[in-house]
Every structure is written in structure tokens, then in C-alpha cells.
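Accompanying notes for the structure given below.
The values are calculated or read from the model by the stated rules, or taken from the named source; none is laboratory data. Just so it is clear, the model here is predicted, and its values are computed rather than measured. We place every Cβ from the backbone using ideal geometry, glycine too, and count neighbours over all the protein chains shown.
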Amino acid sequence: MLRLKTTFDAGIYLEKKKSFVDYLQFCKSPVREAGDVMRKALITGVTGQDGSYLAELLLEKGYEVWGLMRRSSSFHTGRIDHIYKDPHEHPRLRLVYGDLTDGSNLSSVINEIQPDEVYNLGAQSHVRVSFDIPIFTVNTDGLGTLRLLEAIRSSNRPVRFYQASSSEMYGKVVETPQTEKTPFHPRSPYGCAKVYAFWQTVNYREAYNLFACNGIMFNHESPRRGETFVTRKITRAAARIKLGLQDKLYLGNLDARRDWGFAGDYVEAMRLMLQQDEPDDYVIATGESHSVREFVEEVFGYLDLKWADYVEIDPRYFRPSEVDLLQGDASKAKRVLGWEAKVGFRELARMITDADMKIARREKIIEEQGA
Ligand code: NAP
Ligand code: GDD
């Protein structure tokens, strides 16, 4: 018997150029028929950096994972292709089209999939870009969270909910390090939207007894980080400069300080939050803060380059209002969840640089072949 959701993943399956016969076979697979006994998770933002690491982690833990993905004219599944591939090989990862701006779609997805856990990672996550598209950012990151919470509440199912909250909410910080008790003072449309989503999550917990948690995540990076965030922008450029593919790197504020950790560590904290007896909010951070300049020095130094010869300041990368200093205190997460960051600043910078050197070497070969 065909079970479950053909209307949802058939479209995506067929777009991956599989035949409908293949798809029917996939629906009949033994894992699918045993699906009801597995824990089921829905991840919004599955195509993003964190979504891809979290999907990997949950698959490892034996979950059936559903990823909500936006329709786009070109495929943007690069970060999850290695775990999606052919559904015959990994039948526990499914994709479903959806969008946080579309509440009726979110309700259908929740009702059809009936997840045990929902991880809301979907967002317009670029702070600088949120000044350019504030309405879209707030619609997705703020109202999108409310739409999802409403879809869960009205499903009347005991769903556990994780909200990807952000250290950007602290904005103009009033104390350092920042804890779960530090007041918020957001400095961007993105930060304001995340504060709204944070409090809606708390309110659904208090008003409707929903098992809803906020992870107040400080910056976390990886080789899968989007290339316009400052870490990847620096490592990509340094690697390309090293191989003679690029001359300059243009940056904005080098004095801003961030508490940078590794995304692979941080998704473990997300899952742990939803396995506790009680829902709560947690700061997730390394506890160390470094400036953008220090990150530049670390990466260029690692590649034996003098950064000052290559880096120039371009005011277009300054923000209308900046967050100068973020440094988190994750002692509650350590005490309650047993979580702490494993990858430190230097190791992180080198890990991403190594990965970008591999990409730059491939680009160099292509350039030489084209010449
Ligand atoms: P990311 O790489 O930018 O991924 C964002 C994801 O959200 C992508 O899959 C994107 O899909 C999806 N998305 C965007 N708009 C959407 C919409 N309207 N409907 C549905 N999905 C949508 O971000 P990330 O670094 O993985 O971060 C994950 C979450 O954690 C975000 O909510 C972010 O704000 C939050 N956060 C991140 C950090 C950090 O340092 N990384 C720190 C604190 C909080 P497309 O692929 O289609 O664009
Ligand atoms: N992106 C970028 N590009 N940032 C630059 C540049 C540049 O050329 N030059 C300097 N910076 C500075 C920014 O002004 C900021 O102070 C710092 O580098 C970090 O910028 P991003 O890497 O873009 O990250 P973010 O801190 O603004 O936001 C990230 O972390 C938040 C958590 O605190 C994002 O991942 C958010 O989604 C996340 O919530």
C-alpha cells in the first residue's frame, strides 16, 4: 500500500529527474512503511548551513527528516545533495515545498507530516541585507515564526518546537558576556524580527503549554557558510589571493567583535534542547570574542600572506547601525544540556580556509584550462 505524502515529495522527486515508477518504488520501501515508529522531524531552512548539519545529525540519530524547501527556478540543494541523492539510498530524508510567508501551506505541511519535532531555521539571515529588504525579512523571520507556531498549535499535536534565535537580538549590548537574562536591544530589521519571534515562542510556551525552546545562538560558521558572511568572504578571498585568482578583498568594519563557533557543534545543542523534560531558552556560544581584524590576521597568516597588502575598506559594507561586541556565556547550556563548544577560533578559521583552498585550487585549474 502506498503510504503518506505523495502529493508533497512526488514533485521534488520527479524534478530530480527520477521516473514516476522509481517514485512509486520509493513509496513502498520498507523503511517508509516502518516510518511511524521513527521520530519525525521537520526542518525549515534545510537548504541552509545549519539545516544541512542538523539534517545530517538527525539522520544519524535515526530520525525521519523532512525538510521544508522554497521553490526556486534553479536548484539550491548543494548543501544537502550528499544526504539526499537518491531516495532509495536515504529514504529517511524527504523534501517538501513550502515557504514561511505562506501560512496555509505551513498548516498543510504540519498536518500531513505530523512531525514530533519542528526546527525553525528558515530565515532571511543576512543582517546587512535586512536593511535593504526589511519587510521581507520581518515577514519571513518574525511573522513566519508566528505562522509556524499557529500551524502547530492548531494541529493539536504534542509537537516540540525549536526557534533559531540570535545573539543579534542583544544588539547594543548592555553587559558582557551576554546571558539568557541580558536585555535585548536589536540594531537591525533582522534583529527586531528575531526578538519578535523569540517572544512569540516564549508566549506559545506560556499560553498554550507548547514545548517551545529558543536557542540564542552566537555566530557559527563552517565551510558551508554563505559566502557573503564575513568569515567565508575572508577565507574565500584569501585562498583566491594565495593562488593568484584575486588581488584585493574589500571589507567594512574590522573592529566589530564576534563570538564565532562551529555550526556542526551548534546543531547538537538544538537537538538536545528538545530532549529535555522542560522547554527553556539557552545561550549557545564559545565564550570567546574576536574582532573581524583578528579573523583576517589569522586566515592570511595561516596562508603566509601579509593581510594589509590585500585588504581595503569599502564603506558600502558598513551598516546603518552596527553590533559592536558579542560574547556569550553558555554556562546554562553546559549545566543543563551538557553542551559546550568543541571547535575554537583558530581551528575554525583554519578549517574553513582549508576547505576554501580546495575550491580555489579547482577554480585555478578551470582558469588554466580555459586560458
Ligand atoms: P542560512 O544559511 O542563510 O539558511 C537560511 C535558510 O532559510 C535557507 O535554507 C533559506 O532557503 C531558508 N529561507 C529563507 N527564506 C525563507 C522563507 N521565506 N521560507 C522558507 N525558508 C526560507 O542561515 P543559517 O546560518 O543556516 O542559520 C539558520 C537559522 O539560524 C536562521 O534562522 C538564522 O537567522 C539563525 N541564526 C544563525 C546564526 C549563524 O551564525 N549562522 C546565528 C544565530 C541565529 P534558500 O536556500 O531558499 O535561501
Ligand atoms: N558580511 C560582512 N561583509 N560583514 C562584514 C564585512 C563584510 O564585508 N566587513 C566587516 N563586517 C562585519 C559586520 O559589520 C559585522 O559586524 C561582522 O563583520 C559579522 O558580519 P556577518 O558575518 O555578516 O554576521 P552578523 O554577525 O552580522 O550576523 C550573523 O550572526 C548572527 C548572530 O549574531 C548571521 O549569521 C545572523 O543570521 C546571525 O543571527
Kindly indicate whether Thr140 is in contact with a Gly (Cβ under 8 Å, 6 or more places away or on another chain) and either assigned to a helix (DSSP H, G or I) or more than 9 Å from ligand 1 (Cβ to nearest atom) (or both). yes
Only residues that are in a helix (DSSP H, G or I) and modelled with pLDDT under 95: list them for segment 26-55, please. Phe26, Cys27, Pro30, Val31, Arg32, Glu33, Gly35, Asp36, Val37
When segment 245-278 is checked residue by residue, the ones that are within 21 Å of the chain's Cα centre (by Cα), away from ligand 2 (no atom under 14 Å from the Cβ) and not hydrophobic (A, V, I, L, M, F, W, C) are Gly264, Asp265, Glu268, Arg271, Gln275
Would you mind telling me which numbered condition in (1) closer than 23 Å to Glu268 by Cα; (2) of a type in the set (S, T, N, Q); (3) more than 11 Å from ligand 1 (Cβ to nearest atom) Asn120 fails? (3)
Only one of Gln163, Gln200 is under 27 Å from Arg319 (Cβ atoms) and touching a strand residue (DSSP E or B) at 6+ places or on another chain (Cβ under 6 Å). Can you tell me which? Gln163
Could you tell me which of the residues Leu106, Leu149, Leu143 is more than 16 Å from ligand 2 (Cβ to nearest atom) and either touching a residue at least 60 places away in the same chain (Cβ under 8 Å) or on the phi > 0 side of the Ramachandran plot (or both)? Leu149
Somewhere in segment 229-237, is a residue away from ligand 1 (no atom under 16 Å from the Cβ), out of contact with any Pro (no Cβ under 9 Å at 6 or more places or on another chain) and closer than 23 Å to Leu303 by Cα? yes
Which residue out of Tyr282, Tyr310 is of a type in the set (Ser, Thr, Tyr) and crowded, with 19+ Cβ neighbours inside 10 Å? Tyr282
Do any residues in segment 185-198 that are closer than 11 Å to Glu168 by Cβ have Cβ atoms under 6 Å from those of residues that are surrounded by fewer than 24 Cβ atoms within 10 Å (Cβ to Cβ) and of a type in the set (S, T, N, Q), where the two are at least six apart or on different chains, and which pairs are they? Arg187/Ser321
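Scan segment 266-280 and give yes if some residue there is of a type outside the set (Val, Ile, Thr), touching a His at 6+ places or on another chain (Cβ under 6 Å) and either closer than 23 Å to Gly48 by Cβ or free of Cβ contacts under 8 Å to residues at least 60 places away in the same chain (or both), otherwise no.
Within segment 266-280, one or more residues are of a type outside the set (Val, Ile, Thr), touching a His at 6+ places or on another chain (Cβ under 6 Å) and either closer than 23 Å to Gly48 by Cβ or free of Cβ contacts under 8 Å to residues at least 60 places away in the same chain (or both).
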Where Arg232 falls short, out of the listed (1) touching an Asp or Glu at 6+ places or on another chain (Cβ under 8 Å); (2) over 30 Å from Lys61 (Cβ atoms); (3) of a type in the set (D, E, K, R): (2)
Condition test on Asp277, is it away from ligand 1 (no atom under 14 Å from the Cβ), of a type in the set (D, E, K, R), surrounded by fewer than 22 Cβ atoms within 10 Å (Cβ to Cβ) and over 28 Å from Tyr63 (Cα atoms)? no
Kindly indicate whether Val174 is more than 25 Å from Asp277 (Cα to Cα) and touching a residue at least 40 places away in the same chain (Cβ under 8 Å). no
Condition first: over 18 Å from Thr353 (Cβ atoms) and crowded, with 19+ Cβ neighbours inside 10 Å. Can you find one or more residues in segment 288-302 that meet it? yes
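Among the strands (runs of 3 or more DSSP E) lying completely within segment 157-252, list those that include at least 2 residues that are modelled with pLDDT of 95 or more and under 18 Å from Tyr119 (Cβ atoms). So that I can check it myself, show each step before the final result.
Numbers: elements: 160-166, 211-217, 249-251.
Per the criteria, 160-166, 211-217.
A quick yes/no check of all residues on (1) touching a helix residue (DSSP H, G or I) at 6+ places or on another chain (Cβ under 9 Å); (2) touching a residue at least 40 places away in the same chain (Cβ under 8 Å); (3) within 16 Å of ligand 1 (Cβ to nearest atom):
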{"site": "Arg316", "(1), (2), (3)": "no, yes, no"}
{"site": "Arg335", "(1), (2), (3)": "no, no, no"}
{"site": "Ala349", "(1), (2), (3)": "yes, yes, yes"}
{"site": "Gly370", "(1), (2), (3)": "no, no, no"}
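Checking the condition free of Cβ contacts under 8 Å to residues at least 40 places away in the same chain, of a type outside the set (A, V, I, L, M) and in contact with a Lys or Arg (Cβ under 6 Å, 6 or more places away or on another chain), which residue from Glu64, Glu117, Glu112, Glu60 passes? Please lay out each step first, then the result.
Numbers: Glu117 fails: free of Cβ contacts under 8 Å to residues at least 40 places away in the same chain; Glu112 fails: free of Cβ contacts under 8 Å to residues at least 40 places away in the same chain; Glu60 fails: in contact with a Lys or Arg (Cβ under 6 Å, 6 or more places away or on another chain).
Result: Glu64 is the single residue among Glu64, Glu117, Glu112, Glu60 that is free of Cβ contacts under 8 Å to residues at least 40 places away in the same chain, of a type outside the set (A, V, I, L, M) and in contact with a Lys or Arg (Cβ under 6 Å, 6 or more places away or on another chain).
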